[in-house]
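What follows is a short report on a single structure.
The values are calculated or read from the model by the stated rules, or taken from the named source; none is laboratory data. This structure is a prediction, so every number in the text was calculated from the model and none was measured. FYI the Cβ positions are ideal-geometry reconstructions off the backbone, even for glycines, and counts take in every protein chain you see.
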Amino acid sequence: MIGRAYERFTLFLGPERLRALFLLIASTGLLSLILNVIVNDFEWVRPAQTLLVLVALIGAAIIIGGRLDNQERARWIAILAPAIGLIVLGVVVIPQFSLVLFGGALGWVVAGLILFRPRTPSGYQKAVKALKKGDLELAVQEMDQVIKDDPDDPNHYRFRAELLRLWGKIRSRAA
């Protein structure tokens, strides 16, 4: 199960972004380990390690977030920005309430994932409903309308081709 998730993640990121993410985490981790050797000798080591963690987190967010489309990126920003704000508030401003604020941040992430679910276009919903009823002709008509409204998305064509294959109008390449 973990291997399959890793494969999907590597496919999502692509080789260049995956390499950049690996180098970012490896280099900041190595620098932090090197700083552990001199941690008791200098005062600046702990803040430097904290900065390295922040660089790794922000860099990873930029690498992964840069791969998302605009709508998905806005969704994740709407979910994570208030949670990060609560954590910063708990660490910096009112540390006596940090446990409550951390719980609130976690609760907001869970609620945000539910509230900001990506919506399936209504044409897809109608096509799937027709498919469940066995009315493949209506399902294909619905997808034709979706394609007419948004002709630039290749996923629409792919889904319509799958419907046509199920209907028997076209054969799959493997057959």
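To keep it simple, each residue is scored yes or no on (1) more than 28 Å from GLU72 (Cα to Cα); (2) touching a Pro at 6+ places or on another chain (Cβ under 8 Å).
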| residue | (1), (2) |
| --- | --- |
| GLY104 | no, no |
| TRP108 | no, yes |
| PRO121 | no, no |
| ASN155 | no, no |
| ARG171 | yes, no |
- Task: Quick one: count up the residues across region 73-101 that are farther than 19 Å from ILE114 by Cβ, surrounded by 14 or more Cβ atoms within 10 Å (Cβ to Cβ) and small (Gly, Ala, Ser).
- Result: 2
- Residue match in region 119-129 (condition: under 22 Å from the mean Cα position of the chain (by Cα), loosely packed, with under 12 Cβ neighbours inside 10 Å and either at pLDDT 85 or above or not charged (D, E, K, R) (or both)): yes
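This table checks each residue for (1) in the same structural domain as GLY112 (by TED's automatic domain parsing); (2) more than 30 Å from ARG117 (Cβ to Cβ); (3) out of contact with any strand residue (DSSP E or B) (no Cβ under 6 Å at 6 or more places or on another chain); (4) of a type outside the set (Lys, Arg).
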{"position": "LEU11", "(1), (2), (3), (4)": "no, no, yes, yes"}
{"position": "ARG19", "(1), (2), (3), (4)": "no, yes, yes, no"}
{"position": "ILE25", "(1), (2), (3), (4)": "no, no, yes, yes"}
{"position": "LEU30", "(1), (2), (3), (4)": "no, yes, yes, yes"}
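Yes or no, residue by residue, for (1) surrounded by 12 or more Cβ atoms within 10 Å (Cβ to Cβ); (2) β-branched (Val, Ile, Thr):
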residue: ARG4; (1), (2): no, no
residue: GLU7; (1), (2): no, no
residue: SER27; (1), (2): yes, no
residue: ILE34; (1), (2): no, yes
residue: VAL37; (1), (2): no, yes
residue: LEU52; (1), (2): yes, no
residue: VAL55; (1), (2): yes, yes
